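Worksheet: the structure to be examined is printed underneath.
The values are calculated or read from the model by the stated rules, or taken from the named source; none is laboratory data. Being a predicted model, the structure only gives us computed values, none of them experimental. Cβ sites come from the backbone with ideal geometry, for glycine too, and all protein chains shown count toward neighbours. Note: areas computed on protein heavy atoms with side chains; ligands, DNA, RNA excluded. Shrake-Rupley method; radii C 1.70, N 1.55, O 1.52, S 1.80 Å.
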Amino acid sequence: MKALILCAGKGTRLRPLTFTNAKPLIPIANKPTIVYSLEMIKKAGINDVGIVVNPDNKSDFETTLGDGSSLGLNITYIVQEEPKGLAHAVAISEEFLKDEEFLMYLGDNLVTVDLGKFIKEFDNNDMDSFILLTPVEDPSRFGIAVLKDNKVIRVVEKPKDPPSNLAIIGVYIFKPIVFEAIKNIKPSWRGELEITDAIQWLLENNKNVGAHIVYGWWKDTGKPEDLIEANRKILEQLKESKNEGIVYENSSIHGNVIIGKNSRILNSVIRGPVIIGDNVLISDSYVGPYTSIGENVTIENAELENSIILDKATIAHLETRLDSSIIGANATVISSDSKPKSIKLVIGDYSKIEIPR
Ligand code: G1P
């Protein structure tokens, strides 16, 4: 079986982070979101992975994942020239997928499940398609499924009047009949060929669609808090401490904390779960729970918690604690004594700054 990961979305809701990196490559607990999916795919015994990218983000993926060999995978990149929908992305991948069943995965979703178990369930029950579902509070934002006796009887994309609260969460298995389904559907109101409509076509043509309900799924919804929540969920699972750096005597480390190579902690308190990358300097500071710090970061005389700090950022001399923040790569957050006493900002397009009154 091959896998197809759809990553051609523009990630506009996560600007400015997505100006410099594709959405599925934004790190959560210091690992690109897509790598969690790739590791699960590998664990399920799949080695050949197609990643559908857009012309602008293709090189981001090539730089980070290359040909996939470091993850034990063979990755093929397929370019979707225009955002014409998930089903369109599948249609242009037909040559890569050939005449085999395949696993499809939406690249910006994060769910930790045993994919091998679902593939077995799919094979043993002679299904034409299989989807993972989860209950949600706002069903009109998703593809929704209606079940009867554990079988899917109807799916509908972003219904105004949702017939259930079970959202399609972006993990699908298909037999090649899906290509025929896609040829028979029309673009939706948003001008896209919807994979949900292709599944509905399968149902209307008496095909067998199975489903499984899972919990603990995450998808970005555009708010930075959601990225922070995903980071928190992953760090909650951190069950070990590892120190490959140097913790000087006047510092203390509590709970599960990972410290990368050549990183130095001086005169500071780190309260886990926290993950710190390589070559980081933390001095005279407090780093609180649910914080991920990338590589080559400098934190001096500052307090922060529940935050994501990307590579090469600098945070220094803050009088107020940073909380629930995402600091982009190479960004600087610093306070100074220079006169006049004012806030000086050089911020990129679509940035968000919240200053306490
Ligand atoms: C897409 C699918 C939708 C699914 C959702 C899950 O929506 O069209 O059926 O429920 O992903 O993430 P989109 O992200 O394009 O709005």
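All of D161, D197, D138, D149 fail the test of being modelled with pLDDT of 95 or more, farther than 23 Å from C7 by Cα and not polar (S, T, N, Q), apart from D161.
Pairs are defined by a Cβ separation below 8 Å, a sequence spacing of at least 6 or placement on different chains, a first member in the range 42-68 that is without any contact (Cβ under 8 Å) to a residue 12 or more places away in the chain, and a second member that is of a type in the set (S, T, N, Q); the pairs so defined are D67/N74. Taking the range 285-357 as the region of interest, the strands (runs of 3 or more DSSP E) fully inside it that hold 1 or more residues being in contact (Cβ under 8 Å) with a residue 60 or more places away in the chain are 291-293. The lone criterion from (1) away from the ligand (no atom under 13 Å from the Cβ); (2) among the β-branched types (V, I, T); (3) under 24 Å from L193 (Cβ atoms) left unmet by I131 is number (1).
Identify the residue in the range 75-103 that is acidic (D, E) and assigned to a loop (DSSP other than H, G, I, E, B) and, among all such residues, is least open to solvent (accessible area, probe 1.4 Å). The qualifying residue least open to solvent (accessible area, probe 1.4 Å) is E101. Considering only the range 123-141, I want to know if a residue exists there that is in a loop (DSSP other than H, G, I, E, B), more than 17 Å from the chain's Cα centre (by Cα), of a type in the set (D, E) and within 23 Å of K23 (Cβ to Cβ). Within the range 123-141, one or more residues are in a loop (DSSP other than H, G, I, E, B), more than 17 Å from the chain's Cα centre (by Cα), of a type in the set (D, E) and within 23 Å of K23 (Cβ to Cβ). Note on the range 135-177: residues that are under 15 Å from V214 (Cβ atoms), aliphatic (A, V, I, L, M) and within 11 Å of the ligand (Cβ to nearest atom) total 7. Right, L106: closer than 18 Å to G170 by Cβ, open to solvent by 20 Å² or more (accessible area, probe 1.4 Å) and either within 16 Å of the ligand (Cβ to nearest atom) or modelled with pLDDT of 95 or more (or both) or not? Against the criterion (closer than 18 Å to G170 by Cβ, open to solvent by 20 Å² or more (accessible area, probe 1.4 Å) and either within 16 Å of the ligand (Cβ to nearest atom) or modelled with pLDDT of 95 or more (or both)), L106 qualifies. For F122, the conditions (1) in contact with a Phe, Trp or Tyr (Cβ under 6 Å, 6 or more places away or on another chain); (2) away from the ligand (no atom under 15 Å from the Cβ); (3) without any contact (Cβ under 8 Å) to a residue 40 or more places away in the chain all hold with the exception of (3). Here V113, V90 are screened, and the one residue that is within 24 Å of I169 (Cβ to Cβ) and modelled with pLDDT under 95 is V113.
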